[in-house]
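Each value in this text was obtained by applying a stated rule to the coordinates, not by laboratory testing. Worth saying up front: this structure is predicted, and the values here are computed from it rather than measured. Cβ sites come from the backbone with ideal geometry, for glycine too, and all protein chains shown count toward neighbours.
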Amino acid sequence: MDMNHTHKVNFKFENDKGELEVKGEISGESQIPFFDDLKFKAVIALLNSIDKQNFNDSGNNQIFNLYIGEIEETINEMRNYDQFQGKN
């Protein structure tokens, strides 16, 4: 497979009840199998678009802190395991 072409990755996020909360599509160039580099670029772009001030202004600073904690926990898990969902 030639990895120098634009690729699309569809994603969705469901809550604990199986209800869809977010879905989207990422497109761009990738050099890594399963487009994991493209996924990182999308995560970084989304994180860079978030303003903490919006949480402060709306009185929802606790939500900001909750999500930051989830991101940090996810990153730590990614560092500990070679495969998704904690498989070695």
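Quote the FRET efficiency, to the nearest 0.05, computed for Lys12 versus Ile68 with a Förster distance R0 of 22 Å and r equal to the Cβ-Cβ distance.
0.50
Please work out the FRET efficiency for the pair Glu25 and Ile50, using the Cβ-Cβ distance as r and a Förster radius of 22 Å; give the result to the nearest 0.05.
Computed FRET efficiency for Glu25 and Ile50: 0.70.
If I fit a long axis through the Cα atoms of helix 61-80 and take the longest principal axis of the Cα atoms of the chain, what angle between them do I get, 0 to 90°, rounded to 10?
30 degrees
Under 5 Å between amide H atoms, partner at least 5 residues away or on a different chain: which partners does Ser30 have, H built in plane at 1.01 Å?
His5, His7
Report the net charge of residues surrounding Gly69, where surrounding means a beta-carbon distance below 15 angstrom and charges are Lys +1, Arg +1, Asp -1, Glu -1.
Here the count lands on -3.
Let me have the 222 nm mean residue ellipticity of the chain computed from DSSP H runs of 4+ only, each contributing -39500 (n - 2.57), with the sum over all residues rounded to the nearest 500.
-14000 deg cm²/dmol
Please give the charge dipole size of the chain, origin at the Cα centre, charges +1 on K and R Cβ atoms and -1 on D and E Cβ atoms. Round to the nearest 20 debye.
With only Lys, Arg, Asp and Glu charged at Cβ, the dipole is about 100 debye.
With θ set to phi - 60°, apply the Karplus curve 6.51 cos²θ - 1.76 cosθ + 1.60 along the stretch 8-17 and write out the HN-Hα couplings as whole Hz, x wherever there is a Gly or Pro.
10, 10, 9, 9, 8, 10, 10, 7, 5, 8
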